[in-house]
1. Does segment 162-246 classify as rounded, prolate or oblate by the C-alpha gyration tensor (a ≥ b ≥ c root eigenvalues; a/c under 1.5 gives rounded; else a/b over b/c gives prolate, otherwise oblate)?
2. Estimate the FRET efficiency between residue 144 and residue 340 by the formula 1/(1 + (r/R0)^6), using the beta-carbon distance for r and 45 Å for R0, to the nearest 0.05.
3. Give me the percent of Cα-Cα pairs in the chain that sit more than 40 Å apart, rounded to a whole number.
4. Quick check: net charge around residue 619, other residues with Cβ under 14 Å of its Cβ, Lys/Arg +1 and Asp/Glu -1?
5. List residues of segment 412-442, by number, whose backbone nitrogen lies under 13 Å from a label position 7 Å along Cα→C-beta of residue 47.
6. Taking H as built 1.01 Å from N, whose amide H comes closer than 5 Å to the amide H of residue 27, not counting residues under 5 places away?
7. Starting from the 7 Å offset along Cα-to-Cβ, what nm value, one decimal, do you get for the label separation of residue 351 and residue 164?
8. Cβ under 10 Å from residue 577's Cβ, residue 577 left aside: what net charge do those residues give with Lys, Arg +1 and Asp, Glu -1?
Amino acid sequence: MKPPVSAADPLVLFMPSGKRGRFPKGTPVLDAARQLGVYVESVCGGRATCGRCQVVVQEGNFAKHGIVSSNDHISPKGPKEERYERVRGLADGRRLSCSSTIEGDLVIDVPQDTVINAQVVRKAATDRVFERNPAVRLCYVEVDEPDMHKPLGDLDRLKALLERDWGVKDPRVDAYLLPQAQKILRKENWGVTAAVHRDAESDRPSIIALWPGLHNEAYGIACDIGSTTIAMHLVSLLSGRIVASAGASNPQIRFGEDLMSRVSYVMMNPDGREAMTNAVREAISDLIVKVCAEGGVSSDDILDAVFVANPIMHHLFLGIDPTELGQAPFALAVSGAVHLQAEDLGLKVNRGARVYLLPCIAGHVGADAAAATLSEGPHRQDRMMLLVDVGTNAEIILGNSQRVVAASSPTGPAFEGAEISSGQRAAPGAIERVRIDPETLEPRFRIIGSEKWSDEEGFAEAAERLGITGICGSAIIEVVAEMFLSGIISEDGVIDGQLAAKSPRILQNGRTYSYLLHDGSPRITVTQNDVRAIQLAKAALYAGIRLLMEKQGITEVDTIRFAGAFGSYIDPKYAMVLGLIPDCSLDEVKAVGNAAGNGALMALLNRTHRREIEQTVQKIEKIETALEPHFQQLFVNAMALPNKVDPFVKLSEQVKLPPKKSPSDDASGSGEAVPRRRSREERAARRARE
């Protein structure tokens, strides 16, 4: 339990949010920020390695707030913070909030260059049309009035009419309706509309809502709870029309950027699970209010809800401690479909509304992957389809109507901007597209919020308005691939230091080199460590894919689908040049957007899809990469661009790949890590398997 707050405890004010509170001495600054709902990014889960949680103490007498703030009121730098400062550097006045504690009154500024959570929510609604057979339907009946000679109760007569007119046999009645039913029946001269829920034909139906007279409004929500973004659609259950859509950042980000950081937070904080459960449920309730306002719908008319999520988000949403998912054997508390009442989750919808969560496939392949499978249907076709959802933990589905296999691959947060020196989430001002001239090595790029390229008229005005703030995930893939295509890096990912004589874009950093993408404020470079981080991430994904291909006994796939918000913005050509995905005709590589959200819509609008995915998940074979000894060699091969062994014949027919270039040809010394690179890769492969 947290110690009680005392008026004698230090008062801490966070700027620019203006949020304040009292905290006992010794409280980590990061914990104080989280308790107040102040967003301070922390990718590493408080281990003082990512540097994203930087804050600045404002010194002085802040009379307006009754605070005298001083650097003496924050703990001195400890070993972790000193190590970070020594290795990566800290600007003057900056402190790591995860490693510093409150020792007196403080005014703390959260530098806006570290607050990159105002991302663009890129999970749009679909234009697909789904066959409608929802689990909830509205049934209007005119109930017989009471008769002293036929002493049936009011609800019993209602049930009889539902069976006669609608074929609804012996329905249950939700308990909350029992005290209300008689008034509702009499209000409109015994005419009443019943909302009847029946998830499967074998289920006994339930009356979940009643309205006097004719009521013809019934809605449902389909919600994809991502680790970064929550996307929601409000849908008419009567027409299938998407009435409104909205998205928001997952507020759990303040507890940890990636999934394992959130599991660590739960393990280290007794109240952590409850805090994260409350945060995500409140965010979902806020989104419900938002879509209802946008669609002009009463939340009381929302009668059904379908949720999909990765296993850790799934568990936290349900209030389940996810600790077991953070360690082998990654045991799920529940893997099958979950049926609940919305009231159990505190959702702001009709009191009788029902909730359905799709089944999880395995410990790290969740209901979102199941929903994407339902949406894209590899199990419904003869061609061999690869379905990939790229994220901090990539989910991979490979198969056809004969057999489907699945795996997860720990790519880490590099593709989302973490672990990259100038990386950030997708937000206005972030570089999203990159091209490099192979002759001059000069770059041109586009930023989110502008359609202009950096060498086009009008770009400067856009950059002045939006800023040029960093590199988002799609650009990270493109810039590394472009560096490879233009000869800046070898197939082994080593930046060629000899090119410094040719272009001022090649900068020396001690024994390694970097590429200057933007010479402004901030200065945006791609360092050797950045390239390595991308190599490690893409190798983990490709090795997982290649392992599934071996299990299927194939050497190539027929078609590839990129799922997820991030996948929608990946250029297939650059993904293949990088070696993120296997060789395939580029015409057969497509982004399918929020496939998990589409799967949720399908399950909301047609209950037969629920049975389909429940049966399909039972047949999907989960391959655990940690148990596969060959994964390590596949990982090592995949460190090369695009791959050390696989030929990428189809890609080379459409893209001119550079001749193979060994780091031994680089006389610059830029390959400082080359003699040890194989053992380093093998260590990384072992970590990926674990």
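The values are calculated or read from the model by the stated rules, or taken from the named source; none is laboratory data. Not measured: the values here are computed from a predicted model. A quick note on method: Cβ atoms are made from the backbone with ideal geometry, for glycine too, and the neighbour counts reach across all protein chains shown. Just so you know, the surface numbers come from the protein's heavy atoms only, side chains and all, with ligands and any DNA or RNA stripped out. Shrake-Rupley method; radii C 1.70, N 1.55, O 1.52, S 1.80 Å.
1. On the way: a/c = 2.20, a/b = 1.80, b/c = 1.22.
Prolate is the answer for segment 162-246, as a/c is 1.5 or above and a/b outweighs b/c.
2. 0.85
3. On the way: 89343 of 237705 pairs.
Looking at the chain, the distances longer than 40 Å represent 38 percent of pairs.
4. Values: positive: 380, 403, 611, 622; negative: 612, 614, 621.
So the environment of residue 619 carries a net charge of +1.
5. Only 412-413, 419 fall inside the zone, counting backbone N under 13 Å.
6. Those lying under 5 Å, H to H, from residue 27 are 102.
7. For residue 351 paired with residue 164, the spin-label model returns 2.9 nm.
8. Numbers: positive: 573; negative: 478, 482, 571.
Charge balance in the 10 Å sphere: -2.
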